[in-house]
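Below: the structure, in structure tokens.
The values are calculated or read from the model by the stated rules, or taken from the named source; none is laboratory data. None of the values given here were measured: they were computed from a predicted structure. Here Cβ is always computed from backbone atoms with ideal geometry, including for glycine, and neighbour counts include all displayed protein chains. Remember, those area values only see protein heavy atoms, side chains included, never the ligands or the DNA or RNA. Shrake-Rupley method; radii C 1.70, N 1.55, O 1.52, S 1.80 Å.
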Amino acid sequence: MLNRRMTGMGSTIFAEMSALAAATGSVNLGQGFPDTDGPREIAEAAAAAILDGRGNQYPPGPGIPELRQAIAEHQQRFYGLTFDPDSEVLVTAGATEAVAAALLALVEPGDEVIAFEPYYDSYAACVALAGGVRVPVTLRPPAFRPDTDALRAAVTPRTRLILLNSPHNPTGSVFSRAELTAIAELACERDLLVVCDEVYEHMVYAGEHIPIGSLPGMRERTVSISSAGKTFSFTGWKIGWVTATAGLVAAVRAVKQFLTFVSGGPFQYAIAEALRMPDAYFRGISAELRGRRDLLCAGLAEVGFAVYPPDGTYFVTTDVGRLGDADGVRFCRDLPHHAGVVAIPSSVLYDDPDAGRTQVRFAFCKRPEVLRDALARLERWRAADADRVR
Ligand SMILES: Cc1ncc(COP(=O)(O)O)c(C=O)c1O
């Protein structure tokens, strides 16, 4: 029954894998959400807002002023970027809605949208919803660096926009200043817009997160998107935001108005407080996740996976070819039964499935004991396999 625009879009693999995790009692390192909630005082701030009657009725369309102000302060504090909270900030139902609204607002039917693959699964669907044509440029292992020559070659007179994601899900690549500068120069030269998904901005373990909107010539052509879900470990609250020039924000808001109109009133009050937490909080989450990254990467390598350690996000990409499996989808379907662990085949995040056929993504935003349990299960499975072969 699905309409033609959406047919073939996205993948049902995330739902399939979560169902498999439940059915087999597996450790779920598939979908990217933390297994512990964010700061208690922020949860209390949300509860207090509900009980005090703040945000229980439709909040203002652009988001409550307190949160827009806090988002503007956050951009100033971390990146030295100035945004007018009244006209240059928009609160959305998570980054997901921000991406959808931005693409629906800025892409005309037939426009080409370039994105680095593998990409977050909503991108292909949103480009399709907007009637756009997606043009992938492939990030390749081991480092998954953006190939800026390939990007340049992908631009045509129909190109409207580059859809970026750095730090990048699923590869964990954090685009460098030089890479972003090359992308920015191309965008300026060819008069392209850039929509940049920065939801993992505070989860960087090597290098630094640089908003592309901070580079010369980019402020007027960049829609920057982020979200509280990852940074504060409240993925269920779905509070995201857009920062851009007043004109771009107005365009995105015109679409957002007819998607959700508004959402998450009381949570907006709580996230306004969260964004003002001291630097130690932001340093703390990346230090904690770095430890978990190291734990999982070392353990997976020990088990026999080829591991591509990420510089950011909370995902690690592995290659299962070395384990004798040429197909990541089959590997991930079998793994819960064999080992009691769930992961995601990265091939579903590529237009060209051959490019990522043997890549498998694990999430490390889980408690260390959960990661250790997963690793112990994988080790037992490999040991049993080795015994069978012997
Ligand atoms: C790259 C990327 N963008 C957006 C999102 C979704 O963010 P939100 O939950 O704020 O909609 C995710 C979640 O996994 C993501 O990985």
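Observations on the structure shown:
- Residues in segment 1-142 average 45 Å² of solvent-accessible surface per residue, probe 1.4 Å, ligands and nucleic acids excluded.
- Projecting label points 7 angstrom from Cα along Cα→Cβ for Met277 and Arg158 puts them 4.5 nm apart.
- FRET efficiency for the Glu16 to Ala326 pair, using the beta carbon distance and R₀ = 25 Å, is estimated at 0.80.
- Simple rule: put +1 on each Lys or Arg Cβ and -1 on each Asp or Glu Cβ in segment 177-252, find the dipole, and look at Ile183, Ala228, Met218; the Cα lying farthest toward the positive end is Ala228.
- Antiparallel DSSP beta bridges within the chain, percent to nearest 5: 50
- Only the Cβ atoms of Lys and Arg (+1) and of Asp and Glu (-1) were treated as charged; on that basis the dipole of the chain about its Cα centre amounts to roughly 540 debye.
- The slack between Ala376 and Ala48, meaning 0.36 nm per residue of separation minus the straight C-alpha distance, is 113.9 nm.
- Structure-based [θ]222 nm, the chain - -39500 (n - 2.57) summed over DSSP H runs of at least 4, per residue, nearest 500: -13500 deg cm²/dmol
- Compared with the dominant Cα axis of the chain, that is its longest principal axis, helix 246-259 is turned about 70°.
- Estimated D of the chain in µm² per second, where Rh is the Kirkwood radius over Cα pairs and Stokes-Einstein applies at 25 °C, 0.890 mPa s: 114
- Remark: segment 264-334 carries 38 Å² of accessible area per residue (probe radius 1.4 Å; ligands, DNA and RNA excluded).
- Candidates Asp191, Asp35, Asp279: whichever shows maximal mean-square fluctuation once the chain is modelled as a Gaussian network with Cα springs under 10 Å: Asp279
- The chain: relative contact order in percent, alpha carbon pairs under 8 Å with at least 6 residues between: 24
- Local electrostatic count, Val262, Cβ distance below 15 Å [Lys/Arg +1, Asp/Glu -1]: +3
- Ligands, DNA and RNA left out, the accessible area of the chain computed with a 1.4 Å probe is 52% carbon and sulfur.
- Degrees between helix 94-106 axis and first principal axis of the chain (Cα, 0 to 90, nearest 10): 60
- Taking label positions 7 Å along the Cα-Cβ direction at both Asp294 and Ala178, the computed distance is 2.7 nm, reported to one decimal.
- Angle between the chain longest axis and helix 328-338 axis [Cα atoms, degrees, rounded to 10]: 60
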